[in-house]
Amino acid sequence: MELEKGTLNLAFQDVEDDKKVEDSSTTAEPGEKVVADSPMESPELVEEYTEIKPYAGMPKEVLLLYSSQACYRVPREILFWLTVACTLVLVALTITVVALSPRCLSWWQVSPIYQVYPRSFKDSDGDGVGDLKGIQEKLGHFEYLSIKSVCVAPFYRSPMTDFGYDVEDFRSIDPLFGTMQDFEDLLAEMHKLGLKLIMDFIPNHTSDKHRWFNLSRIRDPHYEDYYIWADCNATGPKPNNWVSVFGNSSWTYDGVRGQCYLHQFLQEQPDLNLRNPHVRQEMLDIISFWLDKGVDGFRIGAVKHLLEATHLRDEPQVDPNERPESVTSEWDLHHDYTTTQLGLHDLLRGWRALMDVYSQEPGRYRLMVTESYDDQEVDKTMMYYGTPLVKESDFPFNFYLMDLPRNTSGLWLKHLVHLWMGNMPSGLWPNWLLGNHDKPRMASAAGQRYVRVINMLLLTLPGTPSTYYGEEIGMENINVTQSQIQDPAGRHNMSAGRDPQRSPMQWSSAVNAGFNNRTNMTWLPVHPDYSRVNVEVQKQDEGSILSQYRLLNTLRQLELPLKRGWFCYVHADNNVFSYIRELDGLDHAFLLVLNFGQESAATDLSSVGELPEQLNVLMSTNRTNDGNVVHKSQILTEAGEGLMIRFSAHARFNTNHPGQCYVSEKACYLSVMDILYTC
């Protein structure tokens, strides 16, 4: 190959044409100059190559010639080892960051749980009752509020004696709410929008219309012991003195079987025998059925009632002197044999283990929440968290704040908060709710003046808040006449009725508050204030309850101190409850000053050295006070007003007051790298 034709570099061309190369076979005489066999080995050509500077696309011969020169070898070696060192440093740094990073919060920790009562949320077909398609129509409401978790009350097939809590078939949808296809469409759309669906699960009992109960009544060999049966007759005494939640005896005689069956709720809700291994397997199969459908978790209802003592002894009376025949209320007995029995937590651990299997799917953690109100026996409630070795529920529902209306004061509120925080096992996740379908709405029970400050409390306490539909706009109870009563508890005792807090959601000022815009039917009356208390109106007002709820929830999810920081008590008196949310390493924190009293108050926090002298109000429930500058020695609040104060300070409160502070999982902020690390 002629180099002259192979390159444009003139220095790389052949030597002169008239220069001859002797035959390589010629033997050199002594003293003669040896001519190389190859042109590359020719001294003349070597001299030519040494004059060539490296260039892109150079042939191998030139590359090899220069590759051994130190001025090129040394930089390459330096670059090589520098690259290796940088790679190792990056790998080590990545491993260190991963090892030191705190666990990421799960979906159920970053967002409030919004409780939907499906009968009352949105009616899509005009029959006066809310349904699954209605929920799907309003998914935008959750997006507007930055809510990611939605818990829906039962929509299983049911005779509706207790509005869905008397289940006739755990694997089908009641036609009142739609079809299984409607459910699958709702779930698919929720997942598309990044929303999670939590279902109500009722394992304690079924409807007396359930196939299992009918087979148990006729003593089918497989189903004979699916329920709790005891010998008795139609006119004789009951097996014992146990009383149902709804009042009167927990036993009802069944003429088909010739025995009494146990029901801790309505007589149409016979209790399942969860000591029967077949019934336990049925429950596991039901959980698997819905998890296979794609649901994201379960709220397991009435867990403390799941097992009863097998000996069926009388329970001790609260008043030993009361005549036994006058014991008709659950409050008349100590429930030593009908609640929280040995073996209960084994049941829950089995269900948790099944959900953990499904949680192995990346990004699809399955939540398990338990419902058990144990009144002052808070230690029993805390057992539902599990143990350090065996996990149960992610959290049991916290009902203690629902006692707030008994005494609206800062001291009482601190007591209710500390009842949970002071007893919760270390490192676990708290939760808070102020309303549900069983209890009066807080706007009615505590008073409308406290609605805004209640929402500020709910969304700034540590843990997961739970919002009952309508609380975000300040809905109140409705008045229900005798003829309008729907709730079976209300028929038994009108004062115990739950209809008032289940009225239709108030979406707009349109007919029926936008709940049903097809016909003039609603299963319960709409509250008369719906024309001004509704979502549509409050969206237009930056100072409305809805707008403040939305802002608070946005801050909760954006601000690290509110999302996962320390919670520290600062002050409590007859009016004000105050606390700090802070994160180690972060240059700012939040002070909450909440007035739950009956009068205006001036709070003196001058003894709190970690606070600066002047404080800026980031947000007040009274908009006119937004942005105010206050002195820590005199922080003024009106009754029912809450202040969120953002402040900067180098000193952290929790380091000097460990006995007043709580954190679920300690983390620190590294501002240089803008990361969290375990500290």
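Before moving on, here are some points about what is shown:
- Given (1) within 23 Å of ASP174 (Cα to Cα); (2) open to solvent by less than 10 Å² (accessible area, probe 1.4 Å); (3) of a type in the set (Ser, Thr, Tyr), number of the condition SER250 does not satisfy: (1)
- Residue list for the range 379-402, filter: touching a Lys or Arg at 6+ places or on another chain (Cβ under 6 Å) and in a helix (DSSP H, G or I): MET402
- Selection status of GLU330, among the charged types (D, E, K, R), crowded, with 16+ Cβ neighbours inside 10 Å and either under 22 Å from ASN423 (Cβ atoms) or in contact (Cβ under 8 Å) with a residue 60 or more places away in the chain (or both): yes
- Here GLU224, GLU184, GLU189 are screened, and the one residue that is farther than 29 Å from LYS148 by Cα and either open to solvent by less than 20 Å² (accessible area, probe 1.4 Å) or touching a helix residue (DSSP H, G or I) at 6+ places or on another chain (Cβ under 8 Å) (or both) is GLU224.
- When THR678 is tested against (1) within 19 Å of LEU551 (Cβ to Cβ); (2) under 28 Å from the mean Cα position of the chain (by Cα); (3) open to solvent by 40 Å² or more (accessible area, probe 1.4 Å), exactly one condition is not met: (1).
- Candidate set: the range 127-163, residues that are without any contact (Cβ under 8 Å) to a residue 40 or more places away in the chain and small (Gly, Ala, Ser); chosen: the one least open to solvent (accessible area, probe 1.4 Å): GLY134
- Within the range 357-373, the set of residues being among the small types (Gly, Ala, Ser) and either under 18 Å from TRP432 (Cβ atoms) or not in a helix (DSSP H, G or I) (or both) comprises GLY363, SER372.
- For the range 551-563, the criterion of being farther than 20 Å from ASN455 by Cβ, open to solvent by less than 30 Å² (accessible area, probe 1.4 Å) and not acidic (Asp, Glu) is met by none of the residues.
- Residues in the range 491-507 that are open to solvent by 20 Å² or more (accessible area, probe 1.4 Å) and in contact with a Pro (Cβ under 7 Å, 6 or more places away or on another chain): PRO500 only.
- Taken together, the criteria exclude LEU291 from residues that are part of a loop (DSSP other than H, G, I, E, B) and either within 17 Å of THR340 (Cβ to Cβ) or under 30 Å from the mean Cα position of the chain (by Cα) (or both).
- Test: residue in the range 510-519 that is under 30 Å from GLY140 (Cβ atoms), assigned to a helix (DSSP H, G or I), charged (D, E, K, R) and open to solvent by 10 Å² or more (accessible area, probe 1.4 Å): no
- So GLN115, is it within 30 Å of LEU434 (Cβ to Cβ), modelled with pLDDT of 95 or more, outside any helix (DSSP H, G or I) and not charged (D, E, K, R): yes
- The selection criterion, being of a type outside the set (Ser, Thr, Tyr), modelled with pLDDT under 95 and loosely packed, with under 14 Cβ neighbours inside 10 Å, holds for PRO320.
- Close pairs from the range 617-639: first without any contact (Cβ under 8 Å) to a residue 60 or more places away in the chain, partner surrounded by 18 or more Cβ atoms within 10 Å (Cβ to Cβ) and of a type in the set (Val, Ile, Thr), Cβ under 6 Å, at least 6 apart: VAL617/ILE645; ASN625/VAL617; ASN628/VAL617; ILE635/VAL593; ILE635/THR603
- One residue stands out among those in the range 82-112 that are small (Gly, Ala, Ser) and assigned to a loop (DSSP other than H, G, I, E, B): the one that is nearest to MET456 (Cα to Cα), which is SER111.
- Residues satisfying the stated conditions in the range 466-490, i.e. in a helix (DSSP H, G or I) and either surrounded by 23 or more Cβ atoms within 10 Å (Cβ to Cβ) or among the small types (Gly, Ala, Ser) (or both): SER483, ALA489, GLY490
- Scanning the range 294-305 for residues that are out of contact with any helix residue (DSSP H, G or I) (no Cβ under 8 Å at 6 or more places or on another chain) and either closer than 16 Å to GLN360 by Cα or not in a helix (DSSP H, G or I) (or both) turns up ARG299, GLY301, ALA302.
- From the options THR621, THR603, residue that is farther than 16 Å from TYR579 by Cα, crowded, with 20+ Cβ neighbours inside 10 Å and of a type in the set (Ser, Thr, Tyr): THR621
- The set of residues from the range 206-221 being part of a loop (DSSP other than H, G, I, E, B) and buried (at least 20 other Cβ atoms within 10 Å of the Cβ) comprises THR206, SER207, ASP208, HIS210.
- Residues of the range 623-641 satisfying the condition of being part of a loop (DSSP other than H, G, I, E, B), closer than 22 Å to LEU458 by Cβ and either aromatic (Phe, Trp, Tyr) or out of contact with any helix residue (DSSP H, G or I) (no Cβ under 8 Å at 6 or more places or on another chain) (or both): ASP626, GLU638
- Here the condition is being touching a Ser or Thr at 6+ places or on another chain (Cβ under 7 Å), buried (at least 22 other Cβ atoms within 10 Å of the Cβ) and of a type in the set (A, V, I, L, M, F, W, C); of LEU457, LEU433, it holds for LEU433 alone.
- The one condition in (1) part of a loop (DSSP other than H, G, I, E, B); (2) open to solvent by less than 40 Å² (accessible area, probe 1.4 Å); (3) within 30 Å of GLU599 (Cα to Cα) that GLN376 fails to fulfil: (2)
- Within the range 379-408, if we keep just the residues that are more than 23 Å from TYR468 (Cβ to Cβ) and over 19 Å from the mean Cα position of the chain (by Cα), the residue that is surrounded by the most Cβ atoms within 10 Å (Cβ to Cβ) turns out to be MET383.
- Some residue of the range 240-248 being in contact (Cβ under 8 Å) with a residue 40 or more places away in the chain, touching a Gly at 6+ places or on another chain (Cβ under 9 Å), in a loop (DSSP other than H, G, I, E, B) and of a type outside the set (Lys, Arg): no
- Scope the range 532-549; condition over 19 Å from TYR450 (Cβ atoms) and either assigned to a helix (DSSP H, G or I) or within 24 Å of the chain's Cα centre (by Cα) (or both); matching residues: VAL535, GLU536, VAL537, LYS539
- Condition broken by GLY463, with the remaining ones in (1) out of contact with any Leu (no Cβ under 6 Å at 6 or more places or on another chain); (2) open to solvent by less than 40 Å² (accessible area, probe 1.4 Å); (3) within 26 Å of ALA513 (Cβ to Cβ) satisfied: (3)
- Residues in the range 312-345 that are more than 17 Å from ALA302 (Cβ to Cβ) and charged (D, E, K, R): ARG313, ASP314, GLU315, ASP319, GLU322, ARG323, GLU325, ASP332, ASP336.
The values are calculated or read from the model by the stated rules, or taken from the named source; none is laboratory data. Fair warning: this is a prediction, and the values are worked out from it, not measured in the lab. Cβ sites come from the backbone with ideal geometry, for glycine too, and all protein chains shown count toward neighbours. SASA here: full protein model, heavy atoms, side chains in, ligands and nucleic acids out. Shrake-Rupley method; radii C 1.70, N 1.55, O 1.52, S 1.80 Å.
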